Amino acid sequence: MNVRGVTQPFPDAAIRPENARSLGFGAWDLDLVTQEMHWSETTRKLFGVAADQPVTLASFLSLLNEGDRASVTTAIEQARLRGAGFDIAFKVPGAATSGQWVRLLAGIAAGPTGETRYLRGIALDISQEKQLEDALRIRERHFRSILDTVPDAMIVIDGHGIIQFFSTAAERMFGYSEPEAIGMNVSELMPEPDRSRHDSYLARYHASHERHIIGIGRIVTGRRRDGTTFPMHLSIGEMQSGGQPYFTGFAHDLTEHQQTQARLRELQSELVHVSRLTAMGEMASALAHELNQPLAAISNYMKGSRRLLAGSTDPNTAKVESAMDRAAEQAIRAGQIIRRLRDFVSRGESEKRVESLSKLIEEAGALGLAGAREQNVQLRFNLNPEADLVLADRVQIQQVLVNLFRNALEAMAQSSRRELVATNRKFSDDLIEVAVSDTGTGFHEDVMPNLFKTFFTTKDSGMGVGLSISRSIIEAHGGRMWAENNDAGGATFRFTLPAASHEG
């Protein structure tokens, strides 16, 4: 029920029926003394009343819903007492399949002696108008529900910087409720010095129409209600409504993004550190292997020389023999130290824990596959949750994965089809296999036996230690690593890791 006051009365002259029909509305009047009503043909059709059926105020009210009867009765009584008309709308039940909306407009007319005697007016069918209003409300609710689910904040301001719209995401981001934000200057959402300068920015734009930020996204700083600041990516669009400019801003909170980037940089630093340590371990292992043989030869030569001195009569023979014995002992001791160093490197002492392969692959992908989508590389991680838990050193295995991912991207740089697939599966009861496959150039048969050798590389600027270190890491974990060419082109690198029980 909608009621609006009408201060000017309708003319006393009756509306001609033919005019009412052509205009799409019906005429009516009410005698406030006798309670009798006179309705035109169109009015009767609106309320579903037969042409020969008499109409009184009581019979009219009986056609309405109970709630509307009281409102109409109150409107008529106030019109009689105040000498002013009314404008009222209500839904007539049963007049159509789902009822129809009717609007009554009334004005006061005087009787023969000048007293307030009649209410006269028109009845309009506003069902179509109400349907349009309902459709508009539904669309508005739909649009609002969409805005409520958009993760980025949406803020609309007028040409003076006053906030006109404040989305749900903006409420979460800045800490203001929508009623609090509406009517507030948008500069309240900025720290200094932008906060004090924003009005001048708008004035300069209105004067020069020089675009500094409109249509161009940039990273700026936002200010929450509690005074804390945060980085955000801001994009602004402009529109005209009613001849007035409005600006729509979309803000994306970069706090989590920057934290993620910081964590990735930290992880990358860890990987570089481990890579250096592993390279040193490889070097130590190689030196141990190379030095152990000459040390053993020195010891043997010392022992042989001592036997040659056994029959000598030189008075210094005893001293020479003693010196040679001590030299042989030190050579043996040096060999034992080097063997222990080699054993330590070959065992790959590291902190192994139960890790999730899916998490390791996703984190390594964030590092090793940065920019892959821009290179039109299709990424597919087909991970089996039944073969997810492994016993591994997280940083070392991520180092292996990052190396394989980067090698795959480089191998596909010139390929027309670029697809990288990472999978995992149970290799045996106690091993899980990880495979990284690409659609690059693959390897020639003469290259395959040398792939994992130290300082062997197929790259123009490669050092040839990445795959060697990776295989050493995998073998130190108790697994093995190998490569194979794909039938459809490209290559697949596979490695195994010890499986960990779900309880472990």
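The values are calculated or read from the model by the stated rules, or taken from the named source; none is laboratory data. No experiment lies behind these values; they were computed from the predicted model shown. Don't worry about glycine lacking a Cβ; one is built from the backbone with ideal geometry, like all the others, and counts go over all protein chains shown. Keep in mind that these areas ignore ligands, DNA and RNA; they rest on the heavy atoms of the full protein, side chains included. Shrake-Rupley method; radii C 1.70, N 1.55, O 1.52, S 1.80 Å.
Annotation: of all residues in region 403-451 being out of contact with any helix residue (DSSP H, G or I) (no Cβ under 9 Å at 6 or more places or on another chain) and among the hydroxyl-bearing types (Ser, Thr, Tyr), the one that is most open to solvent (accessible area, probe 1.4 Å) is Ser416. Screening region 152-168 for residues that are in contact with a Leu (Cβ under 8 Å, 6 or more places away or on another chain) and among the hydrophobic types (A, V, I, L, M, F, W, C) and picking the one that is surrounded by the most Cβ atoms within 10 Å (Cβ to Cβ) gives Ile155.
Mind checking which residues of region 233-245 are open to solvent by 60 Å² or more (accessible area, probe 1.4 Å) and either part of a strand (DSSP E or B) or of a type in the set (A, V, I, L, M) (or both)? Scanning region 233-245 gives His233, Glu238, Met239, Gln240, Gln244. Candidates are the residues of region 434-450 that are at pLDDT below 80 and not acidic (Asp, Glu); the one that is farthest from Val400 (Cα to Cα) is His444.
Exactly one condition in (1) at pLDDT below 90; (2) under 60 Å from the mean Cα position of the chain (by Cα) is false for Leu61; which is it? Result: Leu61 fails condition (1) only.
Figure legend. Inter-residue proximity from region 314-332: first residues in a helix (DSSP H, G or I), second residues open to solvent by 70 Å² or more (accessible area, probe 1.4 Å) and among the charged types (D, E, K, R), beta-carbon distance below 7 Å, spacing 6+ or different chains. Indicated pairs: Glu321/Arg306; Met324/Arg306; Asp325/Arg306; Ala328/Lys303.
Kindly check whether there is at least one residue in region 163-175 that is touching a Ser or Thr at 6+ places or on another chain (Cβ under 7 Å), of a type in the set (A, V, I, L, M, F, W, C) and closer than 27 Å to Met239 by Cβ. No, the conditions are met nowhere in region 163-175. The residues listed here are Glu386, Glu363, Glu374; of these, the one that is assigned to a helix (DSSP H, G or I), open to solvent by 70 Å² or more (accessible area, probe 1.4 Å) and in contact (Cβ under 8 Å) with a residue 24 or more places away in the chain is Glu386.
The residues in region 8-22 that are surrounded by 13 or more Cβ atoms within 10 Å (Cβ to Cβ) and either part of a helix (DSSP H, G or I) or at pLDDT 90 or above (or both) can be counted, and the count is 3. Note on region 166-209: residues that are in contact (Cβ under 8 Å) with a residue 24 or more places away in the chain and under 14 Å from Phe247 (Cα atoms) amount to 7.
For region 384-414, how many residues meet the condition of being over 26 Å from Leu451 (Cα atoms) and either at pLDDT below 90 or not aliphatic (A, V, I, L, M) (or both)? Counting residues in region 384-414 that are over 26 Å from Leu451 (Cα atoms) and either at pLDDT below 90 or not aliphatic (A, V, I, L, M) (or both) gives 4.
Restricted to region 126-146, and to residues that are closer than 25 Å to Phe25 by Cβ and open to solvent by less than 80 Å² (accessible area, probe 1.4 Å), which residue is nearest to the chain's Cα centre (by Cα)? Among residues in region 126-146 that are closer than 25 Å to Phe25 by Cβ and open to solvent by less than 80 Å² (accessible area, probe 1.4 Å), the one nearest to the chain's Cα centre (by Cα) is Ala135. Scan region 171-190 and give yes if some residue there is touching a Gly at 6+ places or on another chain (Cβ under 9 Å), part of a helix (DSSP H, G or I) and either open to solvent by 50 Å² or more (accessible area, probe 1.4 Å) or modelled with pLDDT under 80 (or both), otherwise no. Within region 171-190 (the criterion being touching a Gly at 6+ places or on another chain (Cβ under 9 Å), part of a helix (DSSP H, G or I) and either open to solvent by 50 Å² or more (accessible area, probe 1.4 Å) or modelled with pLDDT under 80 (or both)), the answer is no, since none of the residues qualifies.
Condition check ((1) of a type outside the set (Asp, Glu); (2) open to solvent by 80 Å² or more (accessible area, probe 1.4 Å); (3) modelled with pLDDT of 70 or more) across all residues:
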{"site": "Arg263", "(1), (2), (3)": "yes, yes, yes"}
{"site": "Met280", "(1), (2), (3)": "yes, yes, no"}
{"site": "Glu290", "(1), (2), (3)": "no, yes, no"}
{"site": "Ala296", "(1), (2), (3)": "yes, no, yes"}
{"site": "Val320", "(1), (2), (3)": "yes, no, yes"}
{"site": "Met324", "(1), (2), (3)": "yes, no, yes"}
{"site": "Ile338", "(1), (2), (3)": "yes, no, no"}
{"site": "Glu355", "(1), (2), (3)": "no, no, yes"}
{"site": "Ser358", "(1), (2), (3)": "yes, no, yes"}
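Take the conditions at pLDDT 85 or above, under 23 Å from Ser127 (Cα atoms), surrounded by 13 or more Cβ atoms within 10 Å (Cβ to Cβ) and touching a Ser or Thr at 6+ places or on another chain (Cβ under 7 Å) and apply them to Trp39. Does it pass? Criteria not met by Trp39.
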